[in-house]
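The numbers here are math on the coordinates, done by the rules we state, and not lab data. Quick caveat: nothing in here was measured; it's all calculated off a predicted structure. Here the Cβ positions follow ideal geometry from the backbone for every residue, glycine too, while neighbour counts run over all protein chains shown.
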Amino acid sequence: MGSHGIRDRVAIVGMGCTPFAEHWEKGLDDLIVDASTEAFTSAAVTKDDVDAYWFGTAQSGMSGITLARPLQLRNKPVTRVENYCTTGSEALRAAAYAVASGAYDVAMAVGAEKVKDSGFQGLNAMNPPSDGTARTLTAAAMFSMVAPAYGQKYGVDDETMSDVLASIAVKNHYNGARNPRAQFRREITKETALKSPRLAGTLGVFDCAGVADGAAAAIVVRAEDALRYTDKPIYIKALSFAAGSGSGLIDPGYDYTHFPECEAAAADAYAQAGITEPRRQLAMAEVHDCFTPTELVLMEDLGFAPRGTAWKEVLAGTFALDGELPINPDGGLKSFGHPVGASGLRMFFECWLQLRHEAPAERQIATTDRGLAMTHNLGGYPGEMVSFVSVVGSELG
Amino acid sequence: MHPDLTPSQVRFGRPVGSSAVRGIISAAGYVPYRRLARADIAAFMGSGGGKGSRSVASHDEDTTTLGVEAARLAARSTAGITPDALWFATSSPAYLDKTNATAVAAALRLGSEVGAYDFGGALRSGIGCLVAALRGSGTTLVVGADMRDGLPTSGDESNGGDGAAAVLVGDGPDVLAEVVATASASDEFTDRWRAPGDRVSKLWEERFGENRYVALGLDATSRALAVAGFEMADVGRVIVTGMHTRSVGALTKKLGAPESALGDDLAMSMGQAGAAHPLLVLASVLESLGGESATPGMVIVLIHLADGADAVVLRTTGALAAWRPVRPVADQVAQGAPISYGKFLSWRGQLTPEPPRRPEPARVSSTAAHRNEDWKFGFVGSRDRVSGAVHLPPSRISMEGGALDDMESLPMSDAVGTVVTFTIDRLAYSPSPPIVFAIVDFDGGGRYPVELTDVDAAEIKVGSRVEMTFRRLFTADGIHDYFWKGRPVREKGSA
């Protein structure tokens, strides 16, 4: 028994990513076709060259048919996956394992979400029939309980905490302003963030991810075959996943200042990839900044800063585009919005661009000589969460 | 029944303190938290209103939840006596066809052997239940609950109130006040009427009702006192209730009771809560007479005017001195908080504000709700016998140690807890946003994230004390979603 990972056995050889936006004129099928076509072109393959497909969508469709119909795939193995906000990452995890197992030569992960057809603001879950006793809170409200808990535990006063959270929003908007695929391409000031209307607890509009439609796709092959498709493949070093038991909601020991599921997923990923000092070994990380306090706490859960110190690192610019460890160089969920099925693959897309030195010059990070990049997703709420962590690298070994 | 008595007259000639005594074992009123100052109606509308205030049920309360709250208080105020019947009376039932008393019984965790029945529709149903219980046998929990509406500026809007009461009737040494006599005077006349589906009543000319009610009230009272063998001068407390305000005042004067015997009918502070009001005032009177200064043998006369008159003559027992009601009506009346007239109108469906732009919840699954009845209606969790870990909702496998199917049921509805952290959700769907939400750690173990109600966001802080309350979360496809929320513990004397 054990989690062994598939380090260096699978490579990503082609990717696609649509702009994330309120795509009033594009439906789910259009987004799927756009992202998939870009990925096929990128890997120089056709849809028939791909042996198996995994399609991630949280609630834009059911079954593999949702992908097979728009791409007109005939009798291919197409599987729809869903795992909260990690859905897109799960599609890639499944495709990578399928190739690593030897079952298929070429597999593809596509993630897509059409959010803006609901007529409502924000993301809205479609829940199965129930006894009516479940919580009705928004994600913003659940995550808003993190900031005061963190501040109280580590002695960060309210004003400083507001400054820290605004700094995270400012950083991600700065990065997103340099990304043509981002939903929000405008820098903001701390003052703008601080003055925005409050939505839940102390969280304002600029503490929350946007809401956008989008799709992204990746094609994976065995590592030894990678150079047949591209001269700059990126290799999968680690794929980890952790589902909490939900006990944080009812466990008096949980204090809302950390996400144990994310710590567990990171620890497993680092073991798979052989990483011991993530802050120095990673060139960058894409993390799940659904709300600004989430990103703050993740800096500690993922081992980038000791407990109780991430707020200082944020203020010091450690995680800025030109900082010691750039976090969310593409602008993150903050700038991209969160089409649930697509977000995880969108994160891989930024690693793909950065490690291949294909990001626009104004956002290319200077740390790529480290050769490793991370993506991190979480889904659910503090206390009841799933978490995904991957590490990819530009070189084998 | 004694062969000499007519069906409307019963005398129970048993000595005070006898174990054969039948009467009231416990009683409690529930007055919802919000108060509409009647002056605010005139300030808004230019007319209507009056002096004092009326009680206002929260947007998440209905007559069923009001009844549950009163019954919980009555149950807590007595020593573990389980009724064998639960009778629920209201003029404003949450459901027709479907019995509402079964939801009340489920929230109280009464066994299925307890007969739960509704007495719905008429304003006379509450006093009718009480009289029937007093004249019957066994141990009966009589619950009355009502929410009274009127058109803006109407007398019914001002003088009506929302509230509930529960009266436990039975035999034995725990009886606080024995029933001495009851008398009824029924009459068919159309003074107040409301068609099924209508929200507000229509009224005939006031003088007609006054003419009938005063005569009927005098008749019922004099017959009850005659059967009891008392004069009005013997009476220590007399209370007249009813929605016909003018008759209540006129009858009270004409009864000729000593000034010192006139009790507070709560009309000024909370309004008349329809079918529940005679029970609620009775609970309040017993509370005012109880405790260390209790006087055994005091005669209480309760008269309710609704399509006739009913008079109940009670006499306090020695047990009243030891009775400790957990939350007297007087305290609840004093602890109310204001609600604006606009909010009142929106809660009553008279004004429709912009809703949050979020999907409305889907209807509750009847099958899921029934499987989880203990959890949903009773707030019963489970505790791992090995680790002691408390699971809300109950779980088959423990979160600590992983024991399988080794849990005991753990009723948590009376547990009190402390706010660990909290938030205010301005986005989530609610009939009255924003939602105030807290993570609560219960004394004795267990944590649950609860929505708070009867709360102003600014009054909550980490460390605030919270108790549970039975509420209606929403209604979809006509199915009410009942579950528990938290509310701040308001100790006596705090505002």
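Using only the alpha carbon atoms of the stretch A:317-397, find the Kirkwood hydrodynamic radius as the inverse mean reciprocal pair distance, in angstroms to one decimal. Write down the numbers at each step before the final one.
Values: mean 1/r = 0.0737 Å⁻¹.
One decimal place: 13.6 Å for the Kirkwood radius.
Between residue A:198 and residue A:37, what is 0.36 nm times their sequence separation minus the Cα-Cα distance? Round to one decimal in nm.
Between residue A:198 and residue A:37, full extension yields 53.9 nm more.
Modelled label-to-label distance, residue B:82 and residue B:113, 7 Å Cα→beta-carbon offset: nm?
Modelled inter-label distance: 0.7 nm.
Rounded, prolate or oblate: which fits the stretch A:101-181 when a ≥ b ≥ c are the square roots of the eigenvalues of the alpha-carbon gyration tensor, with rounded for a/c under 1.5 and prolate only if a/b beats b/c?
Working: a/c = 1.91, a/b = 1.30, b/c = 1.47.
The shape class here is oblate.
With the Cα gyration tensor of the stretch B:241-307 in hand, convert its eigenvalues to equivalent ellipsoid semi-axes via √(5λ) and list them largest first in whole Å.
Numbers: eigenvalues 90, 44, 20 Å².
So the equivalent ellipsoid measures 21, 15, 10 Å along its semi-axes.
Arrange the following residues from fewest to most other Cβ atoms within 10 Å of their Cβ: A:213, A:34, B:234. Could you put the intermediate results ahead of the total?
On the way: A:213 27, A:34 21, B:234 17.
Ascending Cβ contact count within 10 Å gives the list B:234, A:34, A:213.
What nm value, rounded to one decimal, do you get for the distance between residue B:137 and residue A:47 when each label is placed 7 Å out toward the C-beta?
8.0 nm
Order by neighbour count: B:468, A:374, B:399, fewest other Cβ atoms within 10 Å first, most last.
Details: B:468 21, A:374 29, B:399 17.
The fewest-first ordering by Cβ neighbours comes to B:399, B:468, A:374.
For B:245, A:189, B:140, A:292, what's the fewest-to-most ordering of other Cβ within 10 Å of each Cβ?
Working: B:245 18, A:189 13, B:140 25, A:292 30.
If I rank by nearby Cβ atoms, fewest first, I get A:189, B:245, B:140, A:292.
Of A:179, A:223, A:134, which is farthest along the charge dipole of chain A in the positive direction, counting Lys and Arg as +1 and Asp and Glu as -1 at C-beta?
Towards the positive end, the residue furthest out is A:223.
Can you tell me what percent of all Cα-Cα pairs in chain A are more than 27 Å apart?
Working: 34635 of 78606 pairs.
Here the tail beyond 27 Å accounts for 44 percent of pairs.
Calculated FRET efficiency, residue B:205 and residue B:337, Cβ-Cβ r, R0 45 Å, to nearest 0.05? Don't skip to the answer; put the middle values down first.
Values: r = 37 Å, r/R0 = 0.83.
It comes to 0.75.
Using a 10 angstrom cutoff on alpha carbons, build the Gaussian network for chain A and name the most mobile of A:134, A:107, A:39.
Among A:134, A:107, A:39, the largest mean-square fluctuation in the Gaussian network model of chain A belongs to A:134.
With springs only between Cα atoms under 10 Å apart, run a GNM on chain A and tell me which of A:315, A:282, A:249 wobbles the most.
A:249
For residue A:76, list the lysines whose Cα falls under 16 Å from its own Cα; do not include residues on the same chain fewer than 8 positions away.
By straight Cα distance, residue A:76 reaches A:47.
Treat each spin label as a single point 7 Å out from the Cα along the C-beta direction, and report the residue B:95 to residue B:404 distance in nm.
Roughly 3.6 nm, to one decimal.
What is the Cα radius of gyration of the stretch B:260-347 over 2.2 N^0.38 Å, N being its residue count?
Values: Rg = 15.4 Å, N = 88, 2.2 N^0.38 = 12.1 Å.
Working it through for the stretch B:260-347, the quotient is 1.28.
Compute the acute angle (0 to 90°) between the alpha-carbon long axis of helix A:292-301 and the principal axis of greatest extent of the alpha-carbon atoms of chain A; round to the nearest 10°.
The answer is roughly 80 degrees.
Tell me, how many Å apart are the Cα centres for the stretch A:349-397 and for the stretch A:198-269?
Centre-to-centre distance over Cα atoms comes out at 10 Å.
Could you pull out the pairs from A:190/A:312; B:98/B:202; A:116/A:171 whose alpha carbons sit more than 20 Å apart here? Before the final figure, lay out each step's value.
Details: A:190/A:312 16 Å; B:98/B:202 26 Å; A:116/A:171 26 Å.
Cα-Cα > 20 Å for B:98/B:202; A:116/A:171; rest within.
Quick one: 3J(HN,Hα) in Hz for the stretch B:58-67, Karplus 6.51/-1.76/1.60 with θ = phi - 60°, rounded, Gly and Pro as x.
5, 4, 9, 10, 9, 5, 5, 5, 4, x
Loop by DSSP (not H, G, I, E, B), at most 13 other beta-carbon atoms within 10 Å: where is the longest site-free stretch of chain B for GluC sites (Glu not before Pro)? Provide the component values of the computation, followed by the final result.
On the way: sites that count: B:113, B:188, B:205, B:231, B:292, B:491.
With GluC sites (Glu not before Pro) excluded where exposed in loops, chain B gives B:293-490 as its longest stretch.
Considering only A:383, A:214, A:332, give the residue with the highest GNM mean-square fluctuation for chain A, with springs between Cα atoms whenever their separation is below 10 Å.
The residue with the greatest mean-square fluctuation here is A:383.
Starting from 0 in steps of 5 Å, tell me what percent of the Cα-Cα pairs of the stretch B:366-488 lands in each bin.
Pairs per bin, as whole percents: 2, 11, 19, 20, 19, 15, 9, 4, 1.
How large is the direction-averaged shadow of the alpha-carbon convex hull of chain B, in nm²?
Its average projected convex-hull area is 24.0 nm².
How far, in degrees from 0 to 90, does helix B:125-135 lean away from the longest principal axis of the Cα atoms of chain B, to the nearest 10?
The helix B:125-135 is inclined about 70 degrees to chain B.
May I ask for log10 I(q)/I(0) of the protein assembly as shown at q = 0.05, 0.06 Å⁻¹, from a Debye sum over the Cα atoms as equal point scatterers with solvent left out?
-0.38, -0.51
Viscosity 0.890 mPa s, temperature 25 °C: give me the Stokes-Einstein translational D for the stretch B:143-214 in µm²/s, with Rh taken as the Kirkwood radius over C-alpha pairs.
156 µm²/s
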